[in-house]
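A.B. asks: This is the structure I want to talk about, given as structure tokens.
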Amino acid sequence: MKAFFAMLWASVVMLSRNRVLLITSLGLAVVSILIFGWLFGSNGASTLSLGVVDQDHSAISQQIVANLKHNKSLVVHEGSTDAETQALRNGQRGAVIVMPAGFGAAFMQGDAAMQVYYDQSSPVEQAIAQAAVQSIIASLNQQSSAHTAHVTLHEQAVNTHNLRQVDWLTPGMLGMLLMWANLPVGVTLVSWRKEGIMKRLAATPLRPSALIGSQILARLLLSLGQGVILLAVAIFVFKVQIIGSWMALLATTTLGALAMLAIGFVIGSFARTAEVADAISMLISFPMMFLGGSYFPTSSAPAFLAPLINVLPLSYLNDALRQIINNGASLASVQTDLLVLAGWLVAALLLSVRAFRWA
Amino acid sequence: MAQTSTLSNPLITQADVSFAEAMVNVKGLVKRYGRFVAVNDVSLSIRRGEIFGVLGPNGAGKTTTLEIIEGIRKADAGEVIVDGLDVRTHRRAIQQRIGVQLQATTLFPDLTACETINLFGALYPHATNTAELLAEVGLTEKASARPQDLSGGQRQRLALALALVNNPTLVFLDEPTSGLDPQSRRMLWDTVLRLRERGKTVVLTTHFMDEAQTLCDRIAIMDHGMIIAQDTPAGLIATLGASAAITCEFTENGAPSHAITATELRALPGVTDARDGLEHKVIYTAHVEQTLVALLQYAAARSVTMNHLQVNAPTLEDVFLKLTGRGLRD
Ligand SMILES: Nc1ncnc2c1ncn2[C@@H]1O[C@H](COP(=O)(O)OP(=O)(O)OP(=O)(O)O)[C@@H](O)[C@H]1O
Ligand SMILES: [Mg+2]
């Protein structure tokens, strides 16, 4: 145990002093988020597209619509419930309010309710929509103080495709970071083997399992640390929301890191020199970074690439991370992704155990 | 402990006693790489508390033999007992009490000297003090330097420190002084001698004859995977049967003379052996004065001049040349 923790500590120290590794993993991801976030991230957040559905057609409801149209920060669209909620789903509305039939009459009774749908994946627009609707309701409530009128809001968040670039990019960058941070473990192993460090360790009572275990845990800890920094940048600089649970995120991140590590071990078992291992890692990482959907969606990729995209572990890792971060998915609802990642992990482990050499 | 009890047992024969005393016992060791036999039926006995040297030209099989004893490589045949334990079945127990400096110095990149020593110390149940160890190998000022910022000799000294980190009873040093400056070499010799004072057994390989001669209690000479001699330095030199080695150059009209051959020189009185050097001849003799007089007469009779005449005590180098027919670093 003492030996294991000493190896673990030494490995963490060595990894954190490895500038190339830090730059390719955390550096690349953070810089990408900053660039894309600043270029595209806050587009469309200043004015709100508001869908209004007036099913009541009373004087009161028409007055509310008129008031909304006066608000400079709102672009009001009128339409049917179906049309407007569809527009919300397509990202053309930030929010939709529905005044049901009988709203005016209920308002005179002092007990009216309206339904509001928000775009939940776009926290900035959601905040603007909420503020706008609430200020209108507040002023309505004030105007009708004589009647002690009262309007209740029924709020409902709606899943939309209206993600900001930076929201979409964040999980992709996390997945990419996990790949760059863990795949090169094979390069480390080969260079240790080549330079005789493995041989020197073989002359000590250190158990092989402790050596391998410490390598895995060190990379895992480093990945988690880097992931936290990356998410902190996304959250504090761009207000990216982590909608799913942190536990689901942690579990998926860990599984993703382990799968990438196992693939790294396979490379380390087959490559004869560190240069070859490095080249193979690069050859895998670069295409995967783009085809795995870290920077842009792969849904529009040409059909002949689909079989390749559909086997890449990063595709599944990114998808699971997006579902959790952007859409609040639970582990159960991303189980397909997790199963594929687990499959990669097991297959790669079996392969590397079979092919492993100490010297 | 076990040693004293066996010694006091009257039933144990002389041969058994030497076996019990041995720190390392190697019997019939064979190692093949493909069809090439790197170690060919090597048997060794290294006693407790001695400095044991393994000498031999490049590719003789020294490193391979040592690494099999250290449990790093597996032998194809033969038996290795270290401190009473079989290396095949008690590898880890043996490795807890041995210290190893490999021929090629390999250190973790990005770890400082101090961190490296701490790490290796943690791999053993008990570790010696890091600061003391750094002082022992003269690297105190380099405690926070990384391997890439150390010189070759300093890296080698750090590797030596790692070999001592677990306070081992048996230390293997594979060419510990190659690449060291004279001062560092002296320092290493002192370290090795101190280890022996503290009752430790040291096994080292070297290409330096003077080193082997001054440092080692006993020496094994290896060539082509075999041990061709095993004795004390004095014992090995005694096999030459000569009390001196006479070196000289014969010239005729200012040019090297080819008229004089080693065979003729062997016929001179007192001479035990003679051989050709690059420009010179080496004549081993049991009676220096007698041979020198005869040599001068012989040269005068052949009207050749003798230059650069030297008379030295025979060295291990001479033994080596006689046994292998070539120099250690030819
Ligand atoms: N892994 C290997 N594969 C094939 N051949 C090997 C291997 N290791 C050593 N050899 C061969 O075995 C022979 C003995 O090598 P070894 O390293 O033991 O020599 P050595 O006596 O230590 O030489 P040196 O003085 O150069 O260090 C050499 O001919 C070498 O080429
Ligand atoms: Mg060697």
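The values are calculated or read from the model by the stated rules, or taken from the named source; none is laboratory data. These numbers come from a predicted model, not from an experiment. With ligands, DNA and RNA removed, areas are computed over all heavy atoms of the protein, side chains included. Shrake-Rupley method; radii C 1.70, N 1.55, O 1.52, S 1.80 Å.
A.B. asks: Can you pull the percent of region B:76-186's accessible area that's carbon plus sulfur, 1.4 Å probe, other chains left in place?
C.D. replies: Values: 2100 of 4470 Å².
So the carbon and sulfur contribution to the accessible surface is 47 percent.
A.B. asks: Would you grab the residues whose amide H sits under 5 Å from the one on residue B:110? Only those 5+ places off in sequence or on another chain, please, with H modelled 1.01 Å from N.
C.D. replies: Close amide H contacts, sequence-distant or interchain: B:148.
A.B. asks: In addition: Using each residue's phi in region A:17-26, evaluate 6.51 cos²θ - 1.76 cosθ + 1.60 at θ = phi - 60° and report the 3J(HN,Hα) Karplus result to the nearest Hz, with x for Gly and Pro.
C.D. replies: My calculation for region A:17-26 gives 8, 8, 5, 4, 4, 5, 5, 6, 8, 5 Hz in order.
A.B. asks: Let me make sure I get this right: for chain B, a, b and c are the square roots of the gyration tensor eigenvalues over alpha carbons, sorted descending. Under 1.5 in a/c it's rounded, otherwise prolate if a/b > b/c, else oblate. Which is it?
C.D. replies: Numbers: a/c = 2.37, a/b = 1.68, b/c = 1.41.
Cα axes put chain B in the prolate bin.
A.B. asks: Of the DSSP beta bridges with both residues in chain B, give the percent that are antiparallel, rounding to the nearest 5.
C.D. replies: On the way: 39 of 57 bridges.
Looking only at bridges with both residues in chain B, the antiparallel portion is about 70 percent.
A.B. asks: Give the aspartates and glutamates reachable from residue B:31 as a straight Cα distance under 16 Å; neighbours fewer than 8 places away on the same chain don't count.
C.D. replies: B:41, B:67, B:70, B:76, B:79, B:223
A.B. asks: For the protein assembly as shown, what is the accessible area per residue in Å² when the probe is 1.4 Å? Walk me through the numbers on the way to the answer.
C.D. replies: Details: 30890 Å² over 689 residues.
Each residue of the protein assembly as shown exposes 45 Å² on average to a 1.4 Å probe.
A.B. asks: What are the ³J(HN,Hα) couplings of region B:48-55, residue after residue, when phi is run through the Karplus curve with 6.51, -1.76, 1.60 and θ = phi - 60°? Round to Hz, x for glycine and proline.
C.D. replies: 5, x, 9, 9, 10, x, 10, 10
A.B. asks: Still on this structure: Would you list, by chain and number, the lysines whose Cα falls below 23 Å from the Cα of residue A:72, excluding same-chain residues fewer than 8 positions away?
C.D. replies: The reachable lysines, counting only those whose Cα sits under 23 Å from residue A:72, number zero.
A.B. asks: Another question, then. Return the lysines within reach of residue B:142: Cα separation strictly under 30 angstrom, same-chain partners fewer than 8 residues apart disregarded; answer none if there are no such residues.
C.D. replies: Correct list for residue B:142: A:2, A:194, A:199, B:200.
A.B. asks: On to the next question. Rounded to the nearest percent, how much of the accessible area of chain A (1.4 Å probe, protein heavy atoms only) is carbon and sulfur? Don't jump to the answer; show the numbers that get you there.
C.D. replies: On the way: 10240 of 15850 Å².
Answer for chain A: carbon and sulfur cover 65 percent of the accessible area.
A.B. asks: Accessible area of residue B:186, 1.4 Å probe, to the nearest 10 Å²?
C.D. replies: Ignoring ligands and nucleic acids, residue B:186 comes out at about 150 Å².
A.B. asks: Report, in order of residue number, the helices in chain B meeting two criteria: a C-alpha extent of 15 Å or more along the helix axis, and a mean Kyte-Doolittle hydropathy of at least 1.0; treat each whole DSSP H run as one helix. Mind dumping the intermediate values first?
C.D. replies: Details: long enough: B:152-163 (17 Å, 0.00); B:182-197 (22 Å, -0.94); B:288-301 (19 Å, 1.04).
Within chain B the helices that satisfy the rule are B:288-301.
A.B. asks: Which order do A:285, A:300, A:315 take when ranked by solvent-accessible area (1.4 Å probe, heavy atoms of all protein chains), largest first?
C.D. replies: Working: A:285 0, A:300 100, A:315 25 Å².
So, going from the largest accessible area down, we get A:300, A:315, A:285.
A.B. asks: Moving on. Quick query: amide H of residue B:229 versus all other amide H atoms, modeled in the peptide plane; which residues come in under 5 Å with a sequence gap of 5 or more or a different chain?
C.D. replies: Answer set, sorted by chain and number: B:221.
A.B. asks: What total accessible area, in Å², is buried where chains A and B meet, using a 1.4 Å probe and rounding to the nearest 100? Please list the in-between numbers first.
C.D. replies: Numbers: alone 17020 and 16160 Å², together 30890 Å².
Using a 1.4 Å probe on protein heavy atoms, the buried area is about 2300 Å².
A.B. asks: With a 10 Å cut-off between alpha carbons and a GNM built on chain B, which of B:258, B:287, B:90 moves the most?
C.D. replies: Greatest mean-square fluctuation among the candidates belongs to B:258.
A.B. asks: Determine ³J(HN,Hα), in whole Hz, for all residues of region A:295-311 in sequence, where each value follows from phi through the Karplus function 6.51 cos²θ - 1.76 cosθ + 1.60 and θ = phi - 60°; x replaces Gly and Pro.
C.D. replies: 9, 8, x, 9, 5, 9, 5, x, 4, 5, 7, 3, x, 5, 4, 6, 10
A.B. asks: Using DSSP H assignments, which helices in chain A have an axial alpha-carbon span of 24 Å or above and a mean Kyte-Doolittle hydropathy of 0.5 or higher?
C.D. replies: Values: long enough: A:123-143 (30 Å, 0.33); A:165-182 (26 Å, 0.64); A:208-238 (44 Å, 1.84); A:246-270 (36 Å, 1.82); A:274-291 (25 Å, 1.52); A:335-355 (30 Å, 1.53).
Sorted by number, the helices that extend far enough and score high enough are A:165-182, A:208-238, A:246-270, A:274-291, A:335-355.
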